[in-house]
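Comments concern the structure below.
The values are calculated or read from the model by the stated rules, or taken from the named source; none is laboratory data. Small disclaimer: the values here were computed from a predicted structure and weren't measured. Cβ: placed from backbone, ideal geometry, glycine included. Neighbour counts: every protein chain shown. Areas reflect the complete protein model, heavy atoms only, side chains present, ligands, DNA and RNA absent. Shrake-Rupley method; radii C 1.70, N 1.55, O 1.52, S 1.80 Å.
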Amino acid sequence: MIIVIDALNKHQFSPVLDEMFRLRARVFEGRLGWDVKVVDGMERDAFDDLNPVHVVSLDDCGHVVGCMRLLQTTGPHMLADVFHSILDGEPPLRSAQIWEATRFCVDTKRLSGGRGRNTVSYVTSEVMIGAFEYAQRAGVLDAVAVIDPVMNRVLQRSGNAPVDYLGSAKPMGKVTAMAALMDCSDERISSIRDYAGIKHDVFLSEDEALKLFAWTAPVASGSAATPSPANRDHKPLSTLEKYFVEQMREARSEQEKQAVLDLIEALSDRYAVKERLLPRNGRTALANEA
């Protein structure tokens, strides 16, 4: 499930962005060994300060499991200012209708292999669909991405092969970097959807995303919770409500999640917690696949 976070709504999604930056740190520094800046467990760079668009995938329990950053090429961007040697002396792309896609990653610890929901393959396709569909609506015609040969093979076998490459592949630290060009066309989106078997709308509304993510947000012991749309009357959570949120956050299996939901149902009439805490269709969303 995709939420798009940009300059207009990032103030509502600070906790989601923090989890996204932590995922990036685990992937780029921890798993891939890139030379990136990590502070307080979060990977950020100067381009994150330029109000990019973040395409973020949440799983059925509200955890960030995938992301991609989209940045306009009319200003500073990685291909122009970091990986310019790939271009072999050619000028960087500059167009309001060409965006740069970078910092793509998925959470291989939360996601399984194979095909189907909650898999690496599914979330990879979901993020790509979200990015291309969002870019289309913004009038973008093409996307350029700095990738490595492994990601290039992933794109080729998932119905998302680049239409062309810019410059030539160059060694960059521990990896080889190459610049791939992809059109934001209906045909490309349909090809990715067909490969992944995704027929539905992948986007969550802002309210839906905030309510879903609220289940994973830590609640400080002895302090009032920050109001969010998960609290439908926007009042601080009570001690009991904090307990429910904490139990759902700590749940490690479908049975444990279901037990929390059943307890909320059982106590809802007496303590009026169900309507404040459960998102719409919460039972379906949270009791499905872990």
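Mean silhouette area of region 151-194, derived from the convex hull of its C-alpha atoms and averaged over all directions, reads 3.3 nm².
Database remark: amide H of Glu43 closer than 5 angstrom to the amide H of Arg22, Arg24, Ala25 (H placed geometrically; neighbours at sequence offset of 5 or more, or on other chains; Pro and chain starts carry no H). Under 5 Å from the amide H of Thr73 lie the amide H atoms of Ser95, Ile98, Glu100, each residue being 5 or more positions distant or on a separate chain, with H modelled from the backbone and absent for Pro and chain starts.
Computed from phi, the 3J(HN,Hα) profile of region 256-264 under the Karplus parametrisation 6.51, -1.76, 1.60 (θ = phi - 60°) reads 5, 4, 4, 5, 5, 4, 5, 5, 4 Hz, with x in place of Gly and Pro. Restriction of the trypsin sites (Lys or Arg not before Pro) in region 63-137 to DSSP coil positions whose beta-carbon has at most 15 other beta-carbons within 10 angstrom yields Arg94, Lys109, Arg115. A protection proxy built from the mean count of other Cβ atoms within 10 Å ranks the segments 190-196, 86-92, most packed first, as 190-196, 86-92. Surface analysis of region 24-128 yields an accessible area of 43 Å² per residue, using protein heavy atoms and a 1.4 Å probe.
Phi angles of region 52-59 translate, via the Karplus equation with coefficients 6.51, -1.76, 1.60 and θ = phi - 60°, into HN-Hα couplings of x, 9, 10, 9, 10, 9, 10, 7 Hz per residue; Gly and Pro are given as x. Kirkwood radius, region 1-157, all distinct C-alpha pairs, inverse of mean reciprocal distance: 16.1 Å.
Taking a quarter of the surface of the Cα convex hull of region 1-80 gives a mean projected area of 5.7 nm². Applying a DSSP loop filter and a limit of 15 other Cβ atoms within 10 Å to the trypsin sites (Lys or Arg not before Pro) in region 1-38 leaves Lys37. Taking every Cα-Cα distance in region 60-138 and sorting them into 10 Å bins from zero, the calculated P(r) comes out as 17, 38, 28, 16, 1 percent.
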